[in-house]
1. Provide the FRET efficiency to the nearest 0.05 for the Ser67-Gln46 pair, computing r from the beta carbons and using R0 = 41 Å.
2. Please name which of Pro72, Ala45, Ala20 has its Cα lying farthest along the dipole of the chain towards the positive end, using unit charges on Cβ (Lys, Arg +1; Asp, Glu -1) and the Cα centre as origin.
3. Probe radius 1.4 Å, ligands and nucleic acids ignored: give me the carbon and sulfur share of the accessible area of the stretch 15-92 as a rounded percent.
4. So, in the chain, how many Lys pairs have Cα atoms under 27 Å apart, if the pair is 8 or more places apart or on different chains?
5. Could you give the length gained by full extension between Glu17 and Ser32, i.e. 0.36 nm per residue of separation minus their alpha carbon distance, to one decimal place?
6. Can you check what the Kirkwood hydrodynamic radius comes to for the stretch 8-65, Cα pairs only, in Å to one decimal?
7. Could you run the Karplus curve 6.51 cos²θ - 1.76 cosθ + 1.60 with θ = phi - 60° over the stretch 12-26 and give me ³J(HN,Hα) per residue in whole Hz, x for Gly and Pro?
8. Let me know the charge dipole size of the chain about its Cα centre in debye, to the nearest 20, where only the beta-carbon of Lys, Arg (+1) and Asp, Glu (-1) is charged.
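The values are calculated or read from the model by the stated rules, or taken from the named source; none is laboratory data. None of the values given here were measured: they were computed from a predicted structure. No Cβ is skipped: glycine too gets one built from the backbone with ideal geometry, and neighbour counts run over all protein chains shown. SASA here: full protein model, heavy atoms, side chains in, ligands and nucleic acids out. Shrake-Rupley method; radii C 1.70, N 1.55, O 1.52, S 1.80 Å.
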Amino acid sequence: MSASSKDSRIDLRVTAEQKALLEKAASMHGVSLSAYTLIHLLPQAQKDVEEREKLILTDRNRDLFLSAIANPPNLKGKLKIAIRQYRDKYVK
């Protein structure tokens with residue numbers, strides 16, 4: 001089986017009017033209803049995912065984050081113990 005094999009389905013419940021409109025638009029573009037749907041939905045899905053995965057910081061928060069990376073605080077207490085235990089167990 002190839003990596004581009006299409007073996008999954010998505011079913012949409014639409015009204016007769018919605019289906020007719022989608023089929024008309026697909027026909028005007030000379031593609032199938034499935035192709036028309038994918039052409040329009042995939043870019044939007046990609047955009048939605050990218051927007052949700054992006055971390056947008058204010059200038060102040062960006063500066064604080066970069067400062068913490070460049071000058072990490074000294075660890076103490078339970079966090080320091082937990083990190084040491086993790087390293088002892090998993091880092092070889």
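1. Details: r = 33 Å, r/R0 = 0.81.
In this case the efficiency is close to 0.80.
2. Looking along the dipole axis, the top candidate is Pro72.
3. Working: 4360 of 7410 Å².
Result for the stretch 15-92: 59 percent of the exposed heavy-atom area is carbon or sulfur.
4. 11
5. This chain segment gains 3.7 nm when fully extended.
6. That comes to 14.3 Å for the stretch 8-65.
7. Along the stretch 12-26, the couplings run 10, 9, 9, 6, 4, 5, 5, 5, 4, 5, 5, 5, 5, 5, 4 Hz.
8. Values: 17 positive and 11 negative charges, 174 e Å.
In total the dipole reaches around 840 debye.
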